[in-house]
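**Q** This is the structure, below, for whatever I ask next.
The values are calculated or read from the model by the stated rules, or taken from the named source; none is laboratory data. Since the structure is predicted, the reported quantities are computational estimates derived from the model, not experimental observations. Glycine also receives a Cβ, built like all others from the backbone with ideal geometry; neighbour counts cover every protein chain displayed.
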Amino acid sequence: MIYEDKTIAAISTPRAAGGISVIRISGENAIKIADKVFECISRKGMPSEMEGYSCAYGNVVDENGNRMDDGVITVYRTPRSYTGEDVVEISCHGGIYITEKILRRISEAGAYPAQAGEFTKRAYINGKMSLTQAESVMDIISAEGSAVYRRTRSVKEGTLFKRIKVYSDRIVKILGQIGAWVDYPEEDIPEIGEEGLIRELTEISGELRKISAVYDNTRILKAGIETVIAGKPNVGKSTLMNLLAGYEKSIVTDIAGTTRDIVEESVRLGDIVLRLSDTAGLRGSEDIIEGIGIKRAEEKIKNADLIIAVFDNGEALNDDDMRLIKMCGELRNVKIVACINKSDRVGKIDREYIEDRFKNVIDISAEKGEGLDNLQRILEKLFLENESVYDDITVNERQKICLDRAFGFVEEALEALKGGVTMDAVNIVLDDALNSLLELTGERVNEAVINEVFSHFCVGK
Ligand code: GDP
């Protein structure tokens, strides 16, 4: 059974010492339980006499009526609450010991421990939000930058749901038309023009593909840009990485080849998070240990979103530089920024050669800490601007799978149509497309999918 009619409780704030902690109770008996564990001081009467959206100061009490802590109770009445059920929230002192003690007391008074994401799951089941809106709750909590926050907030407001709904409604309409025409051929229902149908389906498939493309953008905003700093030994890779990371992480020396392996770090530049790998210098090395590092570096490069190719302003380009330039020229599906480092040194590098081969070239001095603003600007341009048509939504992996499935079925229907297959066969494929979209929004979804979605939530949300 997907919905259990139990009253549940959990600590909704982090398990840590803090100013306050909030314990949330939801379900039919929430207010009855509150009567047992909370005595109002700032107002007369019991919590069950409080109206929805009202709060009171008072004491949390044990089974003998002794004070355990003082705090504030807030009462929400069904259906006007987060879950749609009666909800009580008790704000108490934010200590792990006292909070857990109060939760135990609430359990003894009749509440069951809430599972991960159970409050939001109930909100979804009770029709307070769509599945995509429920998923965005977790994204809002874990958002680390303004761009991702803005997008997830918009999904919470229903933007993704509404956008998908436009296309599922359009498919429903086509299905209805085809269905009527197939089922009642003797009636005078106008046959849907094949040309019009092809046009409509082509548009729908194009739009679904566009929405699906937002996934890559979301991944980059949420997880960060997988970045490799590459360049010959001694060019300043470690110094650049340390500058980005804000402290010494790689060993910086002027002996070529000291960065033997990959050091990893996550750094934020404005709205962009870089997942940095400072690689062993990319050159043919005789040194076995360094050799291992170079091999791993090459693997990293293959999976990277971004390569920062570093060159030394104070030296002429050598064979190692040429190897890097050639490698960058052969890479596909990865963005590359050429960084001419040591801009404080007299320029001996062949700039034109670099500029002819890289679209994005910037000057920096990693040692002096100059030029990071140029790097940030270029990365924002490369990764945030015009990256996707829709910059007001996020698309997670589950949603992308549904979208790609729907898109695939629409394409299949298109091919069938063009190949002269009968309308009822087209109908079956379009029905699959519709089901995929309804699974995305949660309008038609099985229990296993719902359980999977909410299992990624934290307890208390
Ligand atoms: P890696 O082998 O590419 O990691 O290079 P390192 O970061 O270890 O730097 C090699 C040497 O270049 C060190 O002595 C750094 O101090 C020096 N270096 C790094 N960046 C700059 C810079 O912007 N200007 C100057 N003049 N020297 C730098």
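**Q** Quick one: is Ile292 over 17 Å from Ser238 (Cβ atoms), away from the ligand (no atom under 14 Å from the Cβ) and modelled with pLDDT under 90?
**A** So Ile292 passes the test.
**Q** What is the number of the single condition among (1) buried (at least 20 other Cβ atoms within 10 Å of the Cβ); (2) in contact with a strand residue (DSSP E or B) (Cβ under 6 Å, 6 or more places away or on another chain) that Tyr124 does not meet?
**A** With respect to (1) buried (at least 20 other Cβ atoms within 10 Å of the Cβ); (2) in contact with a strand residue (DSSP E or B) (Cβ under 6 Å, 6 or more places away or on another chain), Tyr124 is out only on (2).
**Q** Now for a different question. Restricting attention to region 325-368, report how many residues are within 16 Å of the ligand (Cβ to nearest atom) and at positive phi.
**A** 1
**Q** I need the full set of residues from region 369-381 which are within 16 Å of the ligand (Cβ to nearest atom) and touching a residue at least 12 places away in the same chain (Cβ under 8 Å), in order please.
**A** Of everything in region 369-381, those that are within 16 Å of the ligand (Cβ to nearest atom) and touching a residue at least 12 places away in the same chain (Cβ under 8 Å) turn out to be Gly369, Glu370, Gly371, Leu372, Asn374, Leu375.
**Q** A further question follows. Which residue out of Gly52, Gly18, Gly45 is of a type outside the set (Phe, Trp, Tyr) and more than 26 Å from Gly117 (Cα to Cα)?
**A** The conditions single out Gly45.
**Q** Closer than 18 Å to Thr13 by Cα and either surrounded by 15 or more Cβ atoms within 10 Å (Cβ to Cβ) or at pLDDT 90 or above (or both): which single residue out of Tyr149, Tyr112 fits that description?
**A** Exactly one of Tyr149, Tyr112 is closer than 18 Å to Thr13 by Cα and either surrounded by 15 or more Cβ atoms within 10 Å (Cβ to Cβ) or at pLDDT 90 or above (or both), namely Tyr112.
**Q** Taking the condition in contact (Cβ under 8 Å) with a residue 12 or more places away in the chain and among the charged types (D, E, K, R), does Glu89 pass?
**A** Yes.
**Q** Across region 121-141, what is the total count of residues that are more than 22 Å from Tyr215 (Cβ to Cβ) and either touching a residue at least 60 places away in the same chain (Cβ under 8 Å) or assigned to a helix (DSSP H, G or I) (or both)?
**A** Total satisfying the criteria: 4.
**Q** Here's a follow-up. If I ask for residues that are surrounded by 15 or more Cβ atoms within 10 Å (Cβ to Cβ), over 27 Å from Arg150 (Cα atoms) and in contact with a helix residue (DSSP H, G or I) (Cβ under 7 Å, 6 or more places away or on another chain), which ones from region 365-404 would you list?
**A** Ala366, Glu367, listed by residue number.
**Q** In region 229-272, what count of residues is obtained for those that are within 9 Å of the ligand (Cβ to nearest atom) and at pLDDT below 65?
**A** Residues in region 229-272 being within 9 Å of the ligand (Cβ to nearest atom) and at pLDDT below 65: 10 in total.
**Q** Something else: What residue, among those in region 1-59 that are in a loop (DSSP other than H, G, I, E, B), within 27 Å of the chain's Cα centre (by Cα) and of a type in the set (Gly, Ala, Ser), is surrounded by the most Cβ atoms within 10 Å (Cβ to Cβ)?
**A** Ser12
**Q** Go through Glu200, Glu207, Glu195, Glu226 for me and flag whichever is more than 16 Å from the ligand (Cβ to nearest atom), modelled with pLDDT of 80 or more and loosely packed, with under 15 Cβ neighbours inside 10 Å.
**A** Glu195
**Q** Additional query: Which members of region 386-407 meet the condition of being free of Cβ contacts under 8 Å to residues at least 12 places away in the same chain and part of a helix (DSSP H, G or I)?
**A** Ile401 - this is the single residue of region 386-407 that is free of Cβ contacts under 8 Å to residues at least 12 places away in the same chain and part of a helix (DSSP H, G or I).
**Q** Looking only at region 315-338, decide whether some residue is in contact with a Ser or Thr (Cβ under 9 Å, 6 or more places away or on another chain), of a type outside the set (Lys, Arg) and within 16 Å of Leu372 (Cα to Cα).
**A** no
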